[in-house]
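Each reported figure results from applying straightforward, stated rules to the coordinates on display, with no laboratory input. Just so it is clear, the structure is predicted and the values come from calculations on it, not from any experiment. Virtual Cβ from ideal backbone geometry, glycine too; neighbours counted across all protein chains shown.
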Amino acid sequence: MRALLAALALEPGRIVTRARLVDWIWGDQPPADEVNALQALVSRLRRVLPDGVIEADSGGYRLAVAPDAVDVGRFERLVGQARAAEPAARADLLHSALALWRGTAMADIALQDSEAFDAAVARLDELHVAALGDRVDADIRLGRGSEMVSELTELVAAYPLREGFVAALMRALAEAGRGNEALNLYQRTRELLAEELGADPSAELSALHTALLRGELGERAESRRTNLRAELTSFVGKDDDISAVANLAITHRLVTLTGAGGSGKTRLATETARTMLAELPDGAWLVELASVRAGGELAQAAITAIGLRDQALLGGARAGDPTDRLITAVRDRAILLILDNCEHVIEAAAAFADRLLGECRRLRIVATSREPLGITGEVLWQVEPLALPAKGAEASEVGASPAVRLLRDRADLVRKDIGSDVHTLSAMARICRALDGVPLAIELAAARLRTMSVDQLAHRLDDRFRLLTSGSRTVLARHKTLRAVVDWSWDLLTEAERGVLRRLSVFSGGVSLEAAERVCEDEAFAGEHVFDVLTALIDKSLLVADGEGMPRYRMLNTIREYAADRLAEAGETDLARRAHLAYFTELAETADPHLRRAEQLEWLSTLETEHDNISAALRGAIAEGWAQEAMRLVAAVGWYWYLSGHRAEGTELSIAAASLDGEVSDEVRAMAYAIVTVFVTSGYGDQYQAQEWILQAHRVIQRSGYRHPLLGFVEPLARMLQEPTEFLPAFDPLIAGDDPWVRAQARLSRGRLRLTLGRDETDVDTDIEIALTEFRTLGDRWGISSALTFLADRLAMRGEFARACEHFEEAVAALTEVGAAEDVVSARARQAQLYWLLGDERSSTSAMAEARRYAGGIAWPDALAELALSEAQLARWRGEPEQAHEHLAAVWALLRDAEIGDSVRAKAMDLYGYLTEDLDKALAHRTEALRAAMEYTYPPLIAEVLIGIADLALRQGQYEQAVRLLAASDGVRGASDRSLPDVARITGDTRDRLGETVFTEAIRDGERRDWRELAEVTLAW
């Protein structure tokens, strides 16, 4: 079968006749009934291949696959492409083609007396060797010969009479400085050719021998074609850049590598030039301009670098301009000049390059500079920092990232016990991120590992300029310390550029043009617009412009820290931070009313873009004790935090700001307290905290009134605390008001609280439906989702699970738009439970998977614990107690460093009560669940715990008591709930045991009795 498949695969998509197949497989000894024998073989092969792959047609068979589906087809295509490609691409294509080979062609097929098979193998082997020769030639032309000596030695041993391999090895030995060995190889080959073939070496091999004798190959010849030094360290992480820059240099005559100091511009330029040497008859030359002073002679630096003697320039004449003499010398040469470090002589370097390129038609230039030369025909290549590992990446991905690879490589030079465990790689990733992936900074950091651990280095990078001071003694002075690298760029700036760069250091996560203009505008820069200064800083590689349309400007962390030091030296830190805080406070205040309207997505996006700046401004205000400013920003940004999934951060910062001492206007203070209340009443704090903040906000607005719509809800909340049974009328003024968002939110709140606290279903659904209509009219997606979620829960309680899932689906769509990840998680988790109740296991699994996916972006442990509880509940319903226990264990793991809230504790203990088979343990769990639920004082949670106690009563044989507890649960909840399988199970079991009459009487008794008494009696049994 292998032989048949091989015969067909060698001609994919084409018909192979039966006669050829018989000849291929059986050769001179075909079977008596060769047609049936071949058909039987084809049938066997069809059974092990996908349907339709083998087709019968016109007296033969065809393998119905594309040529590229067969390795031979791919091999021949790649070899064909290589013949027409440029040198670097040719080598890559041939490497790819040869990588398809794993040994001798068709070595696992054994056919006797098949001349057709033997001929195919011979042809493929010849193609393989020919491609190998082409690849060797391509690599030699790219200057890789010295790296190939071992490989070529093996090839010559395997194919001693192939002069192409012998010539390649001679060149490689010469490049490696082993000319004598190359001459000896030639002599051995000459003798072998005479002995085996009676022939002399070819003209090409003889010419190569002559060139060796004349010293035209190898180190001496190479030294006349370049002044590039052999590097002592490997070049890590920029292989693709070398190829890209080389291609640019081939197609364009001036390529400028730009980038921040220490980004690796010089090394990339020299490594690129090294790969191009084979294509540059007159070589590649590094012209170092760092030591050339402003006004200095660039042409003389180039003459010195190339090693040209004055008398060789103009027939012995020494007089004349150095540039004229250089042009005369290189006018007709195919030569590459690397003009390195042009930034401090940028005008002179631009004029010099322009003249050289205009008069020397075969000259190419690769320049390195922190800003472009800015002349016609220049092509720019931005040298980016090394790629960093993604946050949360696996250890293997961290170790493979270019930045970490460089750190490991350089660390191995100073110590051998660095390690590669997960913890070490994580610390290395932190180091590389802190240093922005800048190669020089990483190398300076690696040098410090001689005397400190990776962890110590990672923790000390906050003081990077004092720490990273151990550069090589042989490098330029400005590359010996991290500060010197940035000092070099700073010294080249104008005063206006320095002033703007200093003030930009107060921004986090980038800066818009408008924000930069507001914070950086100053009388001192009256002669220059901020936009022009930003453009100059981008050109000088100190800023990067990101994004399409309206760009954002950002700087590397190292530049930012340096600029912050300069800001402090100038005594401008306080001024710049206040300007930064004022701008983002005004932006948030402008956005706030739009967050409750149809345009909320646009404004949420605006604030999300500036999230880091807003957080930095607020944290700075809190640290400085600026109470008015901090509370004002909290008041403006609080609703954004709540909508967009930043609730953990919003809770932390709003409480910190609202707790500041100092003089604050009543409206601002009341709003700050109200924002805190929003978070702590949404599960991000305890009820006692919430009560205090509500009452404080209420006292302030009673004294001064209010304007912001959110403050209208303080009165109903305060009334709820003071008169728990009579607070609902406090919503009436809000529902009768002019603000449509306030009306909708008031109806939503009144409906919820009427049911959960008042245990009254009257007009609840009407309120929510009206609220939903108003929210839809406004376009407030959060309001829409809140109303839909509540209605979905109501439908689920009535047993309308399919409609409830539809409501949840629409709610999730709205929540996803605003980015409220926590709410998406809870909605999907509940939807998963309802799909299971519908019997739709697939949809249930899918919904829970999406809940987990969104949970991956949440930092608030309580929200993650709630998801784990939902998963545990669903696992219990499915009859998977082990999985339920695993999810419960995850709850404790998530909250092990935090105080367990009463809500989470009550739900977890309730679940443990169901899962344990030991009645004593179940009793203990139920007791703890009830205690926590009563502390939390949320009726639906108490109702849920009462069902669990009913389950305990059932297991104890107290059937009537179990029924009474179910009735009490409905009473506490305000309605029955058909979405709880335990209710149906307990109801069915007790009705069967008691009979309808006793069961009904127990229901009535439970409706009359106090739930506390019923629970206590059961738990004391």
*asked:* Please report the antiparallel percentage of the DSSP beta bridges confined to the chain, to the nearest 5.
replied: 35
*Point-to-point label distance, Ser659-Arg878, nm (Cα→Cβ direction, 7 Å offset)*: 4.2
*Give the shape of segment 766-855 as rounded, prolate or oblate, defined through the alpha-carbon gyration tensor: a ≥ b ≥ c are the square roots of its eigenvalues, a/c under 1.5 means rounded, and otherwise the shape is prolate if a/b is larger than b/c and oblate if not.*
oblate
*Which Rg and Dmax, in Å, describe the Cα atoms of segment 129-258?*
17.2, 59
*Sketch the reach of a paramagnetic label on Glu55 as a point 7 Å from Cα along Cα-to-Cβ, and name the residues of segment 1-41 whose backbone nitrogen lies under 12 Å away.*
13-16
*Under a cut-off of 18 Å between alpha-carbon atoms, report the aspartates and glutamates in cross-link reach of Lys238, not counting same-chain residues fewer than 8 places apart.*
Asp92, Glu271, Glu384, Glu397, Asp409, Asp436, Glu443
*asked:* Are there any GluC sites (Glu not before Pro) in segment 850-908 that are in a DSSP loop and have at most 16 other Cβ atoms within 10 Å? List them by number.
replied: Glu899
*Normalised by the residues of the chain, what does the relative contact order come to in percent, with Cα pairs under 8 Å and at least six apart?*
5
_Loop GluC sites (Glu not before Pro), segment 719-819 (other Cβ atoms within 10 Å of the site Cβ: 10 or fewer; DSSP)_ = none
_Rg(Cα) / (2.2 N^0.38 Å) computed for segment 831-968, rounded to two decimals_ = 1.07
*asked:* For a distance above 21 Å, tell me the whole-number percent of Cα pairs in segment 239-382 that qualify.
replied: 38
*Would you list, by chain and number, the lysines whose Cα falls below 27 Å from the Cα of Lys907, excluding same-chain residues fewer than 8 positions away?*
Lys921
*Highest mean first, what order results for 581-591, 958-968 on Cβ atoms within 10 Å?*
958-968, 581-591
*For segment 2-126, go through all pairs of different Cα atoms, get the mean of 1/r, take its inverse, and jot down that Kirkwood value in Å.*
15.9
*asked:* What does the extension gain come out to for Glu147 and Asp125, with contour length at 0.36 nm per residue minus their alpha carbon separation?
replied: 5.4 nm
_C-alpha long axis of helix 557-569 to longest principal axis of the chain, angle in °_ = 70
*Give the Kirkwood hydrodynamic radius (Å, one decimal) of the chain, defined as one over the mean of 1/r across all pairs of different Cα atoms.*
36.1
*With axes computed from alpha carbons, what is the tilt in degrees of helix 801-818 against the longest principal axis of the chain, rounded to the nearest 10 within 0 to 90?*
50
*Sites Ala40 and Ala116, calculated FRET efficiency, Cβ-Cβ separation with R0 25 Å, nearest 0.05*: 0.80
*Any chance you could give the angle, 0 to 90 degrees and rounded to 10, that helix 530-539 forms with the longest Cα principal axis of the chain?*
50
*Which order do Phe808, Phe790 fall in if you start with the one that has the fewest other Cβ atoms within 10 Å?*
Phe790, Phe808
*Under 1.5 on a/c is rounded, so check that first for segment 135-190, then, if it is not, pick prolate when a/b is larger than b/c and oblate when it is not; a ≥ b ≥ c are the square roots of the alpha carbon gyration tensor eigenvalues.*
oblate
*List the extent of the Cα atoms of segment 603-720 along each of their three principal axes, largest first, rounded to whole Å.*
38, 29, 25
_Order these by the 10 Å Cβ neighbour count, fewest first: Tyr706, Tyr61, Tyr673._
Tyr706, Tyr61, Tyr673
*Alpha carbon centre of segment 27-53 versus segment 956-988: separation in Å?*
71
_Sorting check: for 415-423, 563-571, which peptide has the highest mean count of neighbouring beta carbons within 10 Å, and how do the rest follow?_
563-571, 415-423
*asked:* Sort 994-1007, 258-271 by packing, meaning the average of other beta carbons within 10 Å per residue, with the highest value first.
replied: 258-271, 994-1007
*With label points built 7 Å along Cα→Cβ from the Cα atoms of Ala19 and Thr233, find their separation and express it in nm.*
7.0
